[in-house]
Each structure stands twice: as C-alpha cells, then as structure tokens.
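Below is one structure; the comments refer to it alone.
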Amino acid sequence: MAIQQKPEKNFFFGIGFLRSLTTLFPILYPRWEYAVLFTALTGAAAGGFEKVNYDTGMMIGKFYTTLSMKDEPGFWHVFWKATAWYAAQCALSALISFFSSALYLAFRNNLTKYLHQRYFSNNVCYQLNSVDNEGLDNPDQRMSQDVEKFCNLLAVRVFPNFLVAPFVVGYYTWRTWHTSGGVGVGVIYGYFLIGSFVNAFIIQPMTKWAGKVEKAEGCFRYKHVSVRDNAEGSAFYRADLFELSECDRLFKNLLKKQAYFVGFKAPVMFWQNFFSYFGGVLTYAIQVIPIFWMHSYDDYDPMEFAGQLSNNAFVFMYLINSFTKLTDLASSVGEMAVYSQRIADLVSFTKEASVKANCFENATAGGKPKSSYSLVVDKLTYGPPHSNDILIRGLSVGVQERSSLLITGPSGIGKTSLFRVLAKLWNKNSGIVELPTGRGHLMFLPQRPYLPSGGTSLRQQLLFPSQAPRNMATVVGDAKLESVLSSVGLSHLISMAGGLDEEADFEWAERLTPGEAQRLSICRVLLTQPALVFLDEATNSVPVDMEKTIYGLLKEAKISYISTGHQATLRSYHDMELQIHGTDQHSLLAIENSQM
C-alpha cells in the first residue's frame, strides 16, 4: 500500500526549538550516568581554561611593565611563569576536547538507544514507513545522521562555551564596571543586544532552508540506495538513462536548496565576523572613559600607564569576546535547531504510536479461540488506514486445529490486507478476531521474504526473529538445522556461508534467488513450530514438486496454515477455500480430493 504523505514541514529558530529541547533533554540525561559526569567535567575544564586564560592575559601587561623598566630579572620571571600558564592552558584545552567528545558519545548512546527502543516497538517502524508518517520524512536519517549532528553540535560546539558563559560574563562585567563604570558596561551590553537582535532576525531563513536541505539530502541518498538494491531489475529494463535522469533531478533539487541555504548563511557569517572584529575597535573606544572622562590614570607614570592600558584592553576585549562567542554560536545553534526539531518530532510520533497501540490492542482483543479452532473470524469488516473505503464487509470463517485454509481472489481484492488485520498491523472497523495467544504461536510469512542485512550468520537467518547471539548451538543443535535445510533442498547454503555461524561476507537478500529465500523462510516455520502460520504467496517462486514437499512438511509438523496464492496446485494442499470476489462477496467451501 502507498504511504499517506503530508506537506513538507518548515523548521524555524524559535519556540519550536525550545520546545524540542524540553523533549530531548530528559532523554539525553535519563539518570545519573556518563552524560552527567562528562557534562560536569567539560564545564570544569572550560572553567579552568577561562581562569588560566585570564592569568595569561594579564601577563601581557607585566611584559610591558618589565620591558619598559628594563628589568631583565623581572622579565625572565614573567617569561617562565607565562610559559607554565600557557602549558596549563593547552592541557585544559585538550581536556575540553576530550571531555566534550566523550559527552557527545554519551548523548548519542542515550538518544539512539531510546529511539531504537521506540522505533522497534508497537509497529512504529511499519507505521512510519508503510502507513502514515505524519510528515516525518526519512526516519532512518533522523535516527542516524540527524542524531549524530545534533549531539556533536550540542556537546562539542555549544556546551563548552555555554556552560561557563554566565560566570565568565559575570566576572568580566564586574571588572569592566570597576574600570570604566556603568557607561562602559552599558556600551558592551548594548552592543551584545544589538548583535543578538540582528542574529535572531537573519538566522530564521537559514534554519528553514537547513531543514529543507536535510530532507532533500535524505531523498537523494535513498534514491541511490534504491538503485543499488534494484540494480539487476534496472539492468533488465535497460533503465540507465531513466535512473540517470531521476538521480540528476533529485541532485538538482538538493543543490538548489543548498544554494538557498548558502545564500542565507552568508549574511549570518558577515554579521558574526563584523561583530567579532569590531569588538576589538570597541575596546579602545571604551578606554576613553577611564582616561579622558574619569581621569583615573592622571597620576600614573608612562610605564604603569602602558601596563594598565594593556590590562584594561584585555578585560574589555574578553567581556566582548564572551558575548561574541555566544553570537558566534548562532549558526551552530540555528543548524542544531533543525536537527533537534526533526528528532523531537520523531520522539513525539513514537509516544503517540505507543498510546494508539495500547488502545488498538484493547480494541482488537478478541480472546482465545474455541478449543478446537486455531482461528475464528466473525463478521469482520476492514479497510485501509485513514480511509473510508471498505475492502471486506461481514467476513466470518473458522479454521480448526491442524487444518488449512486457502484464500483466493483477484489481485488487490484484500487478501494480504486480511493478513495485515489479523497481524494487528491494521485496525478493523468491526467484528471479532480470535487467534492463538502467546509469543511464537503465530507466524506470518510476507510476500517478499525478509532476510536481515549486516553480515548475519546462517544460524541467525534460520532462527530469525529470535534475539539470539551469532552462535546458538546450545539452543538449537547443528544437526537440527542441517536436517531442516536438507528437507527443503538448501544444504548448499552451509558451504556458501562457510558454516552455520560464520559472519556472511555478502548480503543474503542479494545472494539468494527468490525461490531460495522463500524456502529459507519455510525453514524458520519448521524450526519455530507455531500453532498457526500465515503464508502470503509464500511458495510462488518454488517448483511444483518443492511446493508439495513444503506443505507436506507443514502437515507432518502438525502446523495449521492459511495461504494466499494464485497457483492452481495450491488447492490440493488445503482443506478449505475462502473465495473473495468483492466487498460483500465471499464464500467458504470445502475442498474435495485434498492431498493433505
């Protein structure tokens, strides 16, 4: 089915950004652990750096004084002291880098694990990718690339400056007040407020286009992944020119949005640079206050006056520089605002999905089927999600234990959709559904066999979806696995994979033929031994003789099964046939001369 799409969402630097941070910070700091520790250590190292930086800054005035007085012993004393302070400053800078990088790892660990836990529960993955994403494009990109960039910007770029900013600003404000009075402080604070106001205004379009770039980047990347995954089909179609055209179109769209982003980023960078460089000029303008207005240094000799001017310049410059650091963070924070809102939207979706899933579970609970039945469906009506269309109305059917049912009908009539309802992927409009309860009692084999990627071993493929380590020989013996593989003609997979437990150096979905993939899925059923299995055209790519073997193995294992398919041979392997011809046209018939 086609996923329900919604208009593209724009992101801005404002209340939405602050709201997203309130959503994400409890996830970044779930308890007293590494994130808290490395935040404290980053702040301590940054605070130590600022203290040492102040002392090294004061050294310049002392150099002026000793050189002006031609005091060589005093000069060398200041020189070695400054050398020690600069060494300490370098060490603290390295510690800031180390602790902030460790904080980034802690943030990413907490946020990614949280998202994974939510994404792979309550069918969130299915809802986002197959039903309704509520405008959340590229959830994979949000959990990987967006999380990485957000955590890196927050931990490495923002926190080292932001954590100590209040203390640094407070201290240098006091020093400036002591030197130049309220006028000097007022000039610097006014300068900062003007810079902040301009930044807040010009950063909005940059933030908006940063979000558009992220979406276009994800679509462009996904196109290339799709081309890679469907390379053979594309080659058969001789589709090179088509794929070239589509990839170029998506790249052109990406490039256009990046050009807008770069264009709106330029004034932001201009203002940040102007704010930084003009601050140096402003420090000398503020010197006018104590020299000409307050006459604070009228009784200083030239050597003392030179040293005092140097110290004043450092204090004024550092207060301006403290504000400059905050304004310089504007582009980083503006970019971070996009990632935080994209991630927070995903978090909100997963929370809502969890609530809906609980309501859905209560609404669809139909109880345990009668003792002699594996499935009971009574007056079931259903249709696609977010639609008023009805696919099937008033369906009633029962499947007894160790019996079988074949569902037939034209393509698109609603056979696979019935499986979606029974699997609780879709909600039902009305009716009762009773299925075996408990994990492992039911299995669904979709039309396209799913073979997990990532270098999985043959044993992992066979025992999927068990949350198993690579080697489960103590749980399921080698002899059992080899016997099941042999029964469906897949013994050669052992040598192909280099053994049952070797990490595959290929992707199973790319290496196996459609028929081999379907037979591997059947192996999972034979190993799991569910009470009831649903086979959605699960044998349409295997030879007729192998199809007969597969259904014989299921019957031998006393597994009830319900199949869909169009092969005429399927009727002989089932006890009953449910024929669906339309919304209100469905009938249940007994199959005579069944071979099973």
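For the chain, the mean residue ellipticity at 222 nm estimated from helices alone is -20500 deg cm²/dmol, where every DSSP H run of n ≥ 4 contributes -39500 (n - 2.57) and the total is divided by all residues, rounded to the nearest 500. The spacing between the stretch 15-36 and the stretch 42-95, judged by their C-alpha centroids, is 37 Å. The calculated FRET efficiency for H178 paired with M69, based on their beta-carbon distance and R0 = 25 Å, is about 0.50.
A straight chain from T83 to W32 at 0.36 nm per residue would run longer than the Cα-Cα distance by 14.5 nm.
The distance from the alpha carbon centre of the stretch 542-596 to that of the stretch 186-230 is 56 Å, rounded to a whole number.
Tell me, in nm to one decimal, what length is gained between E482 and I390 on full extension, where the rule is 0.36 nm per residue of separation less the Cα-Cα distance?
28.5 nm
Determine the share of the chain's accessible area contributed by carbon and sulfur atoms, expressed in whole percent, with a 1.4 angstrom probe. Whole-percent figure for carbon plus sulfur exposure: 60. The three principal axes of the Cα atoms in the stretch 505-596 give end-to-end lengths of 50, 29, 24 Å, sorted in falling order. Helix 478-487 axis versus longest C-alpha principal axis of the chain: approximately 50°, rounded to the nearest ten. Rounded to the nearest whole Hz, the Karplus-based 3J(HN,Hα) values (6.51 cos²θ - 1.76 cosθ + 1.60, θ = phi - 60°) of the stretch 410-420 follow the sequence x, 4, x, 7, x, 5, 5, 4, 4, 4, 5, with x at glycine and proline.
Give me the net charge for the shell around T56: Cβ to Cβ below 13 angstrom, other residues only, Lys and Arg +1, Asp and Glu -1. Mind showing how you got there, number by number?
Details: positive: K51, K62, K81; negative: E50, D55.
Around T56, the surrounding residues sum to +1.
For a quick protection proxy, order the peptides 111-118, 459-466, 377-384 by their average other-Cβ count within 10 Å, most packed first.
Numbers: 111-118: 16.8, 459-466: 19.8, 377-384: 18.2.
Result, highest mean Cβ count within 10 Å first: 459-466, 377-384, 111-118.
Positive contributions from Lys and Arg (+1) and negative ones from Asp and Glu (-1), summed over other residues with Cβ under 11 Å from the Cβ of K555, come out at +1.
Relative intensity of the stretch 481-528 on a log10 scale, I(q)/I(0) at q = 0.15, 0.30, 0.33 Å⁻¹, equals -0.36, -1.31, -1.36, per a Debye sum over C-alpha point scatterers of equal strength in the absence of solvent. For E510 and Y297, the difference between the fully extended length at 0.36 nm per residue and the C-alpha to C-alpha distance is 68.6 nm.
Going highest first, how would you order 344-354, 266-276 by mean Cβ packing within 10 Å?
Numbers: 344-354: 18.6, 266-276: 15.6.
So the order, starting with the most tightly packed, is 344-354, 266-276.
If you place +1 on the Cβ of every Lys and Arg and -1 on the Cβ of every Asp and Glu, how big does the dipole about the Cα centre of the chain come out, in debye to the nearest 20? Intermediate results must be reported in sequence, preceding the final value.
Numbers: 52 positive and 51 negative charges, 194 e Å.
Dipole about the Cα centre, nearest 20: 940 debye.
Taking Cβ atoms as reference points and 15 Å as the exclusive limit, the residues near Q567 contribute a net charge of -2, counting Lys and Arg as +1 and Asp and Glu as -1.
Mind checking the stretch 201-304 for trypsin sites (Lys or Arg not before Pro) that DSSP puts in a loop (not H, G, I, E or B) and that have at most 14 other Cβ atoms within 10 Å?
Passing both the DSSP loop test and the Cβ count: R238.
Derived from the Cα gyration tensor, the three semi-axes of the equivalent ellipsoid of the chain are 69, 26, 21 Å, largest first.
Filter the cross-link list K51/K81; K149/K215; K81/K325 down to pairs whose alpha-carbon distance in this structure exceeds 18 Å. Checking Cα-Cα distances, K81/K325 exceed 18 Å.
The values are calculated or read from the model by the stated rules, or taken from the named source; none is laboratory data. As the structure is a computational prediction, the values presented were derived from the model and not from experiment. Please note: Cβ atoms are built from the backbone with ideal geometry, for glycine as well, and neighbour counts cover all protein chains shown. Heavy atoms of the whole protein, side chains included, go into the accessibility calculation; ligands, DNA and RNA do not. Shrake-Rupley method; radii C 1.70, N 1.55, O 1.52, S 1.80 Å.
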